[in-house]
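Enquirer: Below is one structure. I have some questions about it.
The values are calculated or read from the model by the stated rules, or taken from the named source; none is laboratory data. These numbers were taken from a predicted model, which means no experiment stands behind them. A quick note on method: Cβ atoms are made from the backbone with ideal geometry, for glycine too, and the neighbour counts reach across all protein chains shown. Ligands, DNA and RNA are excluded from the accessible area calculation, which covers all protein heavy atoms including side chains. Shrake-Rupley method; radii C 1.70, N 1.55, O 1.52, S 1.80 Å.
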Protein chains: 2
Amino acid sequence: MASHGARGRSGGRPTLEEVAARAGVGRGTVSRVINGSPRVSDATRAAVEAAVAELGYVPNTAARALAANRTDAIALVVPEPETRFFAEPYFSDMLKGVGSELSETEMQLLLIFAGSDRERQRLAQYLAAHRVDGVLLVSVHADDPLPDLLAQLEIPAVISGPRSAAETLPSVDSDNYGGARQAVEHLLSRGRSRIAHITGRRDVYGAQRRVDGYRAALSGAGHEVDETLIEGGDFTEEGGRRAMAALLERRPDVDAVFAASDVTAAGARQALREAGRRIPDDVALVGYDDSAIARHLDPPLTSVRQPIEEMGRRMIDLLLTEIADRRPLASRGLERRQLVLATELVPRSSS
Amino acid sequence: MASHGARGRSGGRPTLEEVAARAGVGRGTVSRVINGSPRVSDATRAAVEAAVAELGYVPNTAARALAANRTDAIALVVPEPETRFFAEPYFSDMLKGVGSELSETEMQLLLIFAGSDRERQRLAQYLAAHRVDGVLLVSVHADDPLPDLLAQLEIPAVISGPRSAAETLPSVDSDNYGGARQAVEHLLSRGRSRIAHITGRRDVYGAQRRVDGYRAALSGAGHEVDETLIEGGDFTEEGGRRAMAALLERRPDVDAVFAASDVTAAGARQALREAGRRIPDDVALVGYDDSAIARHLDPPLTSVRQPIEEMGRRMIDLLLTEIADRRPLASRGLERRQLVLATELVPRSSS
DNA sequence: AGGTACTGTGGGAGCGCTCCCACCAGTGAT
DNA sequence: ATCACTGGTGGGAGCGCTCCCACAGTACCT
């Protein structure tokens, strides 16, 4: 029986010490080379690098994490009960951006689900254990305690979509306000004048901003905002259908609808069909997200695209900066810490 | 200046040692309690647990990993260039299953992208460093070197979808053969007789199995399999369109199509529309995956649902078993190590 | 000739655990 | 009484790193 943690290692993976011996230098020097310190002579560096290559040395992260008190990992926290969020392209696109940006670094990505109470409990434990250097928070609700927990634990975090206009955390968002404006202006330019809006959940700041954009576009074009043309939705298909039905009841003269999400638009479409309205002939329809649904709806749905992959990338940038900056006593301003990226209208035949 | 790794700890998180002192026991005893060893008296356990609670102790994973030579983490490797895979509900559903099953344990989930060569390089390094206890491999191609690498490093792995009939790795798959049969039998029962099949990529074993199922269903019903009704696709929309166009050219009398994926079906639908064929009146259409697209297509698409979330869960089960079993010299049979889960036909108005 | 100031380098200490050996009661068999 | 055992426990050693102090060597002043 070998010494102690012997499992499965036939000869064992090489350690720093072995590399040092091989290169004829000290442990500290190898560590310096591995970590790219400039205070190493070229000759020494070359010798160490050769030894590393010969031995196939790979640093042991656990040891590094223990000694250096950092983990080289960040967590993406997914509030999963929102199945909507999870199944939408939003999620995978963001992941794509996050992944691609992260692959430029040595950082690893952990996926943590914080859906159930048990999972949130576990997450709290996990964060308390400082097992990640930073956290990416997506789709956080206004009353979520998580951001405060993170602040308290002094763990750097970036949020996608501020919780309110007074958000203190670094954030990356798309221009919900501008996107909504684009959508409505597009409908106006198509000669529509009685443009309704089916909102998202009002406790989501982004949904609120879309309402603001809707209003602004109308006002900007000299129209009065008619409150009877605004109906509350919740981002779901069923919600969209109900809202559209209510709208048709109240305002049978409606000639266009801007829905706060593609899924909502799909629901609205059903209600319109059932009421015998043709799209776009009788009522034009515009969605938001430019998801797969938009392309496959009949007729294909005009929608507002958010640069989600780009948002994922930027979130990582921001987070890595936060992590790096944690050393000098933080408290720097929010200068470049809250980003808003432009949206783009994708016209299709529904409008 | 404090001792050494002093960053950010105001008083510092409690350590095992502190818990031991508080409970009036030795370090080893606390470790035993934390790890649920049975060789601890009830009184001692209670004392330790109290101390843990009072101090808010959370074990330091890095230290544990270093000492015990395990990581309590598994990786989900995503061959991301397959954007298809990534954006499809397949991915998020699987993730959901994986996450829910994992949340029963202390294991953490790492997401690793192995799209570009650089990423694969990094992955190899990562695995060589034994930074995970096990690996989940999804959507692996027949010629991927990854499984061999894993075998060589003796890292437990589970694959979703065997690479061939001779797969040696533990795997969890849905019943592609049976699912295809169901689809075709459904079409037969609807009175269709000239049923075409647009295949998936032939180098994907699951696609091959669907072809087999298609054939079997026809033969089983006493029909001869007409090779001119089988057309190669590649799981993409454009591929589906092309294949359908070719099919219509060659067999204008076709009265049903079984497509190897919903996306393929969406492409086929376009080609059918362009050719003026009505669905389902002239040609019935059945897809595979039961994705969001299926529900939102016009007309809604009959499709074969795979229990993907369940598959994710089972993969985790299998992997955890593999990890636990690694101790007794492996080499146990493949008895319960290759699972095939049942599919379900979801009829909609396209057939 | 003796400072002073570097740049490079070696290696001790320590990160917080797990593992295991040693040891101390009890308990039952001899 | 003596000799196994057994369940329960304490604590040394060590996992593979990073950090930092100490020190050699060289270069440039006084």
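Enquirer: Condition first: part of a loop (DSSP other than H, G, I, E, B), of a type in the set (D, E, K, R) and buried (at least 24 other Cβ atoms within 10 Å of the Cβ). Now tell me which residues in region A:248-289 satisfy that.
Expert: Going residue by residue through region A:248-289, those that are part of a loop (DSSP other than H, G, I, E, B) are A:251-255, A:260-261, A:275-283, A:289.
Filter once more, keeping what is of a type in the set (D, E, K, R): A:251, A:253, A:255, A:277-278, A:281-282, A:289.
Residue satisfying the conditions is A:D289 alone.
Enquirer: Right, here's the next one. All but one of (1) assigned by TED's automatic domain parsing to the domain that holds A:V211; (2) assigned to a loop (DSSP other than H, G, I, E, B); (3) modelled with pLDDT under 95; (4) not small (G, A, S) hold for A:L329; state the number of the condition that does not hold.
Expert: (1)
Enquirer: For the list (1) away from DNA strand D (no atom under 16 Å from the Cβ); (2) modelled with pLDDT of 85 or more, I need the number of the one condition that A:A68 fails.
Expert: (1)
Enquirer: Checking A:S103 against (1) farther than 15 Å from B:T105 by Cβ; (2) facing chain B (nearest Cβ under 7 Å); (3) at pLDDT 90 or above, which test does it fail?
Expert: With (1) farther than 15 Å from B:T105 by Cβ; (2) facing chain B (nearest Cβ under 7 Å); (3) at pLDDT 90 or above applied to A:S103, the lone miss is (3).
Enquirer: Here's something else I'd like to know. Based on what the data block shows, is A:E106 surrounded by 18 or more Cβ atoms within 10 Å (Cβ to Cβ), touching a residue at least 12 places away in the same chain (Cβ under 8 Å) and among the acidic types (D, E)? It would help to see each step written out before you state the result.
Expert: Numbers: surrounded by 18 or more Cβ atoms within 10 Å (Cβ to Cβ): no; touching a residue at least 12 places away in the same chain (Cβ under 8 Å): yes; among the acidic types (D, E): yes.
Considered against the rule, which asks whether it is surrounded by 18 or more Cβ atoms within 10 Å (Cβ to Cβ), touching a residue at least 12 places away in the same chain (Cβ under 8 Å) and among the acidic types (D, E), A:E106 comes out as no.
Enquirer: Scan region B:19-69 residue by residue and report those that are open to solvent by 40 Å² or more (accessible area, probe 1.4 Å), within 8 Å of DNA strand C (Cβ to nearest atom) and either more than 39 Å from the chain's Cα centre (by Cα) or more than 14 Å from chain A (Cβ to nearest Cβ) (or both).
Expert: B:R27, B:S31, B:R32, B:N35
Enquirer: Sort out for me the helices (runs of 4 or more DSSP H) sitting completely within region A:143-247 that have 3 or more residues that are closer than 27 Å to A:S291 by Cα and assigned by TED's automatic domain parsing to the domain that holds A:S291.
Expert: Numbers: elements: A:146-153, A:176-189, A:205-220.
Because the criterion is at least 3 residues that are closer than 27 Å to A:S291 by Cα and assigned by TED's automatic domain parsing to the domain that holds A:S291, the helices (runs of 4 or more DSSP H) in region A:143-247 that meet it are A:176-189, A:205-220.
Enquirer: Assess whether B:L136 counts as being within 14 Å of chain A (Cβ to nearest Cβ), on the phi < 0 side of the Ramachandran plot and not in a helix (DSSP H, G or I).
Expert: Working: within 14 Å of chain A (Cβ to nearest Cβ): yes; on the phi < 0 side of the Ramachandran plot: yes; not in a helix (DSSP H, G or I): yes.
Judged against the criteria, B:L136 is a match.
Enquirer: Of the residues that make up region A:7-24, is at least one within 11 Å of DNA strand D (Cβ to nearest atom), outside any helix (DSSP H, G or I), more than 30 Å from B:D325 (Cα to Cα) and free of Cβ contacts under 8 Å to residues at least 40 places away in the same chain?
Expert: No, every residue in region A:7-24 fails to be within 11 Å of DNA strand D (Cβ to nearest atom), outside any helix (DSSP H, G or I), more than 30 Å from B:D325 (Cα to Cα) and free of Cβ contacts under 8 Å to residues at least 40 places away in the same chain.
Enquirer: Only one of these is under 30 Å from A:E106 (Cα atoms) and touching a residue at least 24 places away in the same chain (Cβ under 8 Å): B:A151, B:A180, B:A114, B:A129. Name it. Reasoning before the result, please.
Expert: Working: B:A151 fails: touching a residue at least 24 places away in the same chain (Cβ under 8 Å); B:A180 fails: under 30 Å from A:E106 (Cα atoms); B:A129 fails: touching a residue at least 24 places away in the same chain (Cβ under 8 Å).
None of the others qualify; the one that does is B:A114.
Enquirer: Another question about this same structure. Could we say that A:S193 is surrounded by fewer than 16 Cβ atoms within 10 Å (Cβ to Cβ), of a type outside the set (K, R) and closer than 19 Å to A:G178 by Cβ here? Working first, answer last.
Expert: Details: surrounded by fewer than 16 Cβ atoms within 10 Å (Cβ to Cβ): yes; of a type outside the set (K, R): yes; closer than 19 Å to A:G178 by Cβ: no.
So A:S193 fails the test.
Enquirer: Quick check on region B:101-153: of everything there that is of a type in the set (G, A, S) and farther than 21 Å from B:D203 by Cα, which residue is nearest to the chain's Cα centre (by Cα)?
Expert: Filtering region B:101-153 down to residues of a type in the set (G, A, S) leaves B:103, B:114-116, B:124, B:128-129, B:134, B:139, B:142, B:151.
Keeping just the survivors that are farther than 21 Å from B:D203 by Cα gives B:103, B:124, B:128-129, B:134, B:151.
Details: B:S103: 17, B:A124: 20, B:A128: 23, B:A129: 24, B:G134: 14, B:A151: 19 Å.
Only one residue tops the list, namely B:G134.
Enquirer: Is there any pair with a first residue in region A:52-80 that is touching a residue at least 40 places away in the same chain (Cβ under 8 Å) and closer than 18 Å to A:V30 by Cβ and a second that is open to solvent by less than 30 Å² (accessible area, probe 1.4 Å) and among the β-branched types (V, I, T) whose Cβ atoms are under 6 Å apart and which are 6 or more apart or on different chains, and what are they?
Expert: Partner pairs satisfying both residue conditions: A:L55/A:V19; A:Y57/A:V19.
Enquirer: Continuing with this model, one more query. May I ask you to say which residue of A:V77, A:V98 is closer than 25 Å to A:L150 by Cβ, in contact with a Lys or Arg (Cβ under 8 Å, 6 or more places away or on another chain), modelled with pLDDT of 90 or more and assigned by TED's automatic domain parsing to the domain that holds A:M315?
Expert: Numbers: A:V77 fails: in contact with a Lys or Arg (Cβ under 8 Å, 6 or more places away or on another chain).
Matching residue, one of A:V77, A:V98: A:V98.
Enquirer: Sort out which residues of region B:25-46 are over 24 Å from A:L66 (Cα atoms), part of a helix (DSSP H, G or I) and β-branched (V, I, T), and write them in order of number. Walk me through how you get there before you give the answer.
Expert: Looking only at region B:25-46, we keep the residues that are over 24 Å from A:L66 (Cα atoms), and these are B:25, B:37-46.
So of that shortlist, the ones also part of a helix (DSSP H, G or I) come out as B:42-46.
Passing the criteria: only B:T44.
Enquirer: Is it the case, given these coordinates, that B:R122 is assigned to a helix (DSSP H, G or I), closer than 28 Å to A:H130 by Cα, open to solvent by 50 Å² or more (accessible area, probe 1.4 Å) and at the interface with chain A (Cβ under 10 Å from one of its Cβ atoms)? Steps first, please.
Expert: Details: assigned to a helix (DSSP H, G or I): yes; closer than 28 Å to A:H130 by Cα: yes; open to solvent by 50 Å² or more (accessible area, probe 1.4 Å): yes; at the interface with chain A (Cβ under 10 Å from one of its Cβ atoms): yes.
Yes; evaluated as a whole, the condition is true for this residue.
Enquirer: Continuing with the same structure: Restricting attention to region B:47-62, and to residues there that are in a helix (DSSP H, G or I) and within 24 Å of A:A63 (Cα to Cα), which single residue is farthest from DNA strand D (Cβ to nearest atom)? Full working, then the answer.
Expert: In the first step, residues of region B:47-62 are kept if they are in a helix (DSSP H, G or I); the result is B:47-55, B:61-62.
This time we only want the ones that are within 24 Å of A:A63 (Cα to Cα), so: B:61-62.
On the way: B:T61: 12, B:A62: 8 Å.
Only one residue tops the list, namely B:T61.
Enquirer: Answer yes or no as to whether B:I195 is in contact with a helix residue (DSSP H, G or I) (Cβ under 8 Å, 6 or more places away or on another chain) and within 11 Å of another protein chain (Cβ to nearest Cβ).
Expert: Values: in contact with a helix residue (DSSP H, G or I) (Cβ under 8 Å, 6 or more places away or on another chain): yes; within 11 Å of another protein chain (Cβ to nearest Cβ): no.
Taking the combined requirement at face value, the residue does not satisfy it.
Enquirer: Could we say that A:S3 is within 14 Å of chain B (Cβ to nearest Cβ), in a loop (DSSP other than H, G, I, E, B), within 12 Å of DNA strand C (Cβ to nearest atom) and modelled with pLDDT under 95 here? Walk me through it before giving the result.
Expert: Working: within 14 Å of chain B (Cβ to nearest Cβ): yes; in a loop (DSSP other than H, G, I, E, B): yes; within 12 Å of DNA strand C (Cβ to nearest atom): yes; modelled with pLDDT under 95: yes.
Here the answer is yes, as A:S3 does meet what is asked.
Enquirer: Moving to a separate point now. Taking the stated definitions as given, is A:S291 modelled with pLDDT under 90 and either outside the structural domain of A:E237 (by TED's automatic domain parsing) or over 13 Å from the mean Cα position of the chain (by Cα) (or both)?
Expert: Yes: the conditions hold for A:S291.
Enquirer: Looking at B:T44 and the list (1) within 13 Å of DNA strand D (Cβ to nearest atom); (2) free of Cβ contacts under 8 Å to residues at least 12 places away in the same chain; (3) farther than 24 Å from A:R120 by Cβ, which single condition is not satisfied?
Expert: The one condition B:T44 does not meet is (2).
Enquirer: For region B:146-168, give me the residue count where each residue is open to solvent by 30 Å² or more (accessible area, probe 1.4 Å) and either among the charged types (D, E, K, R) or under 15 Å from B:E322 (Cα atoms) (or both). Quick ask: steps written out before the conclusion?
Expert: Within region B:146-168, the subset open to solvent by 30 Å² or more (accessible area, probe 1.4 Å) is B:148-149, B:151-154, B:163-166, B:168.
Those still in the list that are either among the charged types (D, E, K, R) or under 15 Å from B:E322 (Cα atoms) (or both) too: B:148, B:151, B:153-154, B:163, B:168.
Qualifying residue count, region B:146-168: 6.
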